[in-house]
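S.K.: A single structure is presented below for examination.
The values are calculated or read from the model by the stated rules, or taken from the named source; none is laboratory data. A quick note: this is a predicted structure, and the numbers were derived from the prediction, not measured. All Cβ positions, even for glycine, are placed from backbone atoms using ideal geometry, and neighbour counts span all protein chains on display. Keep in mind that these areas ignore ligands, DNA and RNA; they rest on the heavy atoms of the full protein, side chains included. Shrake-Rupley method; radii C 1.70, N 1.55, O 1.52, S 1.80 Å.
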Amino acid sequence: TILVVEDNENVRRLTVDTLKIQGYEVLEAACGEEAMAMVGGHAGTIHLLLSDLVMPRMMGDELVLRVRALLPEIRVMLMSAYAEHVIDTGRLGPDFSFIAKPFSTRELRRKVREELDAENPQGKASSA
């Protein structure tokens, strides 16, 4: 299960549709507040948080910290058209990946699979 958080509806739709075609269960949110409500209300496991970094009201790095407080095992991938902002996410530590916008559907599929297949910080392979 992947939680996609993106304030741009067109980018969110393309991302969600691409992942659903690949067979993933996808939850979608337009902002950090919606994402937090989904995290709190979803009964199953959320394997990956795929979030835009630059969003109004709650930036992606703040969202990651809040989600990880509830789901410490979640994988994280941030996306942004402003790659230089990733440098400012030092408080997240090294345990996240990044995809630059604009990205192709092929690149998205590859990066998501790589993130889900990577070992987590505890040294166990992901079960996604």
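S.K.: Is it the case that the stretch 73-89 has a residue that's surrounded by fewer than 17 Cβ atoms within 10 Å (Cβ to Cβ), within 14 Å of the chain's Cα centre (by Cα) and at pLDDT below 95?
M.R.: Yes, the conditions are met somewhere in the stretch 73-89.
S.K.: Let me ask something additional. So the check is Cβ under 7 Å with 6+ separation or different chains; which pairs have a first residue in the stretch 7-18 that's more than 15 Å from residue 35 (Cβ to Cβ) and a second one that's buried (at least 18 other Cβ atoms within 10 Å of the Cβ) and modelled with pLDDT of 95 or more?
M.R.: Going by the 7 Å Cβ cut-off, the qualifying pairs are 18/108.
S.K.: Answer yes or no as to whether residue 19 is over 11 Å from the mean Cα position of the chain (by Cα), open to solvent by less than 10 Å² (accessible area, probe 1.4 Å) and closer than 19 Å to residue 99 by Cα. Walk me through how you get there before you give the answer.
M.R.: Details: over 11 Å from the mean Cα position of the chain (by Cα): yes; open to solvent by less than 10 Å² (accessible area, probe 1.4 Å): yes; closer than 19 Å to residue 99 by Cα: yes.
Taking the combined requirement at face value, the residue satisfies it.
S.K.: Moving on. Working only within the stretch 13-47, note down all residues that are more than 15 Å from residue 64 (Cβ to Cβ), among the aliphatic types (A, V, I, L, M) and touching a strand residue (DSSP E or B) at 6+ places or on another chain (Cβ under 6 Å).
M.R.: Those that are more than 15 Å from residue 64 (Cβ to Cβ), among the aliphatic types (A, V, I, L, M) and touching a strand residue (DSSP E or B) at 6+ places or on another chain (Cβ under 6 Å): 16, 19, 26, 27.
S.K.: Further, regarding this structure: Filter the stretch 22-51 down to residues that are of a type in the set (Val, Ile, Thr) and not in a loop (DSSP other than H, G, I, E, B) and give me whichever is surrounded by the most Cβ atoms within 10 Å (Cβ to Cβ).
M.R.: The extreme case among them is 39.
S.K.: Also, I was wondering about something else. Within the set of pairs 6 or more residues apart or between chains, which connect a residue that is more than 18 Å from residue 71 (Cβ to Cβ) inside the stretch 105-124 to a residue that is at pLDDT 95 or above and assigned to a loop (DSSP other than H, G, I, E, B) with Cβ atoms less than 6 Å apart?
M.R.: So the pair list comes out as 109/22.
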